[in-house]
Amino acid sequence: MAATCATNGAMTAFSSADHPHRRRNLLNGRWVLVSPHRARRPWQGDRGVPGDASGPGHDPDCYLCPGNLRANGERNPAYAGAFAFANDFPALLVDTPAPAAADPLFPVAPARGEARVICYSPDHSQTMAEMPVPAIRALVDCWAAESAALGARWANVQLFENKGAMMGCSSPHPHGQIWASDFVPGEVVDEDREQAAWRAAHGQVLLDQVAAREADLGERVVAAGAHWLAIVPWWAVWPFETLLIARDPVGRIEELGEGARDGLADILRRLTGAYDALFATSFPYSMGWHQRPADSADPAAWRLHAHFNPPLLRSATVRKFMVGFEMFGESQRDLTPESAAARLREAL
Ligand code: H2U
Ligand code: ZN
């Protein structure tokens, strides 16, 4: 019996690099199961080979390239930097009838908003990892202008990018999306609640404390600058998930000063470059900004940040699936956040 216990690890001292444990996400309140011992299991699944990601700077058939016709027949201008336009197939509409009073068994609420698309640059083939830093800076300014304009009209402005076919991206032309809504979506509601609760309990801004401690410890840091810190968070769910935290006291992207905008362009280039280098592929991800919504429970508790959630696990084609326990229980990971951060640092 004693031998069984020892094999299970119950008799030895706890090591977060070896023993299963749960970590709590302080931003959304949910738990993740970490099972580092499982990283040693054999893998006979898909191995695959990466495709060739390079291509022409302009594609005459692309809906997003400058001067081309979009799917709805509108023509893109000969734009030079980042270019935003109203999504031709928006998920939210500005003006739409409200549903009738609710039956408690079939809860329903109105949903209005605007959806926009941002072409990162005129170059059809340059992903963020390949764009020159000044071009990324132009994208940062575009995000900020869009967020300010939409934030004046809508309760929440969600900036995001789905990159790569694996993440459901519909066009290889580097682009992101904006969904602005008259409601605050669930993820932002959770972060608003948790950040407010943290400041009420500790008297400090949660992400300021996280950034200061992580910068000090270093083991989960991927890249750092005067205005930004990129870490694999303690509670990361995706194998190479990162959290990019603003170190200035800002809650929205349009509040970033000149230095922080330059710094953001620089760290985005380094972080996405490390991702591409990790498995020698144009690294797929879904990235999204989280910023202070209207009617926040505690506006001062908010710190602007971006999440990068990439699906890849072992190679350019072997991805993590959120199935089984993850789907029916809670999120789980094998690779520790600490070793993921070390591998990303090596790829910088
Ligand atoms: P995704 O690749 O993340 O799906 O984003 C592309 C968006 O671009 C998608 O929402 C819009 C789609 O509706 N789009 C246009 O608005 N016009 C077009 O001509 C093509 C695609
Ligand atoms: Zn294009």
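Out of all the residues in segment 137-145, is one or more within 16 Å of ligand 1 (Cβ to nearest atom) and of a type in the set (D, E)?
No: segment 137-145 contains no residue that is within 16 Å of ligand 1 (Cβ to nearest atom) and of a type in the set (D, E).
Please go through segment 81-123 and give me each residue that is among the aliphatic types (A, V, I, L, M) and modelled with pLDDT of 95 or more, ordered by number. Full working, then the answer.
Taking segment 81-123 and keeping what is among the aliphatic types (A, V, I, L, M), we get 82, 84, 86, 91-94, 98, 100-102, 105, 108-109, 111, 115, 117-118.
Result: A82, A84, A86, A91, L92, L93, V94, A111, A115, V117, I118.
Which ones in segment 190-238 are over 23 Å from M287 (Cβ atoms), out of contact with any Ser or Thr (no Cβ under 9 Å at 6 or more places or on another chain) and among the aliphatic types (A, V, I, L, M)?
A197, A200, A201, A212, L217
Test of understanding: among R70, R153, which residue is within 16 Å of ligand 2 (Cβ to nearest atom) and either modelled with pLDDT of 95 or more or under 25 Å from A260 (Cα atoms) (or both)?
After ruling out the rest, the residue left standing is R70.
Does Q126 satisfy being out of contact with any His (no Cβ under 9 Å at 6 or more places or on another chain), open to solvent by 40 Å² or more (accessible area, probe 1.4 Å), within 16 Å of ligand 2 (Cβ to nearest atom) and at pLDDT 95 or above?
So Q126 passes the test.
Since D182 meets every condition but one in (1) open to solvent by less than 40 Å² (accessible area, probe 1.4 Å); (2) over 26 Å from V232 (Cα atoms); (3) more than 20 Å from the chain's Cα centre (by Cα), which condition does it not meet?
Unmet condition: (1).
In segment 30-41, is there at least one residue being open to solvent by 70 Å² or more (accessible area, probe 1.4 Å) and modelled with pLDDT of 90 or more?
For segment 30-41, residues open to solvent by 70 Å² or more (accessible area, probe 1.4 Å) and modelled with pLDDT of 90 or more: present.
Of everything in segment 66-93, what is without any contact (Cβ under 8 Å) to a residue 24 or more places away in the chain, away from ligand 1 (no atom under 12 Å from the Cβ) and open to solvent by less than 50 Å² (accessible area, probe 1.4 Å)? Give them in sequence order.
G67, the sole residue that qualifies.
Which residues, taken from segment 176-188, are touching a residue at least 24 places away in the same chain (Cβ under 8 Å) and not in a strand (DSSP E or B)?
Those that are touching a residue at least 24 places away in the same chain (Cβ under 8 Å) and not in a strand (DSSP E or B): D182, F183, V184, P185, E187, V188.
Considering every residue within segment 269-288, establish whether at least one is in contact (Cβ under 8 Å) with a residue 60 or more places away in the chain, closer than 23 Å to T127 by Cβ, acidic (D, E) and out of contact with any Phe, Trp or Tyr (no Cβ under 7 Å at 6 or more places or on another chain).
no
Quickly run through segment 73-97 and pick out the residues that are more than 14 Å from ligand 2 (Cβ to nearest atom) and in contact with a helix residue (DSSP H, G or I) (Cβ under 7 Å, 6 or more places away or on another chain).
Residues satisfying the conditions are G81, A84.
Counting just the residues of segment 215-232 that are touching a Lys or Arg at 6+ places or on another chain (Cβ under 7 Å) and in contact (Cβ under 8 Å) with a residue 24 or more places away in the chain, which one comes out most open to solvent (accessible area, probe 1.4 Å)?
Looking at the filtered set, the residue picked out is H227.
The values are calculated or read from the model by the stated rules, or taken from the named source; none is laboratory data. A quick note: this is a predicted structure, and the numbers were derived from the prediction, not measured. Neighbour counts run over all protein chains shown; Cβ positions are idealised from the backbone, glycine included. Areas reflect the complete protein model, heavy atoms only, side chains present, ligands, DNA and RNA absent. Shrake-Rupley method; radii C 1.70, N 1.55, O 1.52, S 1.80 Å.
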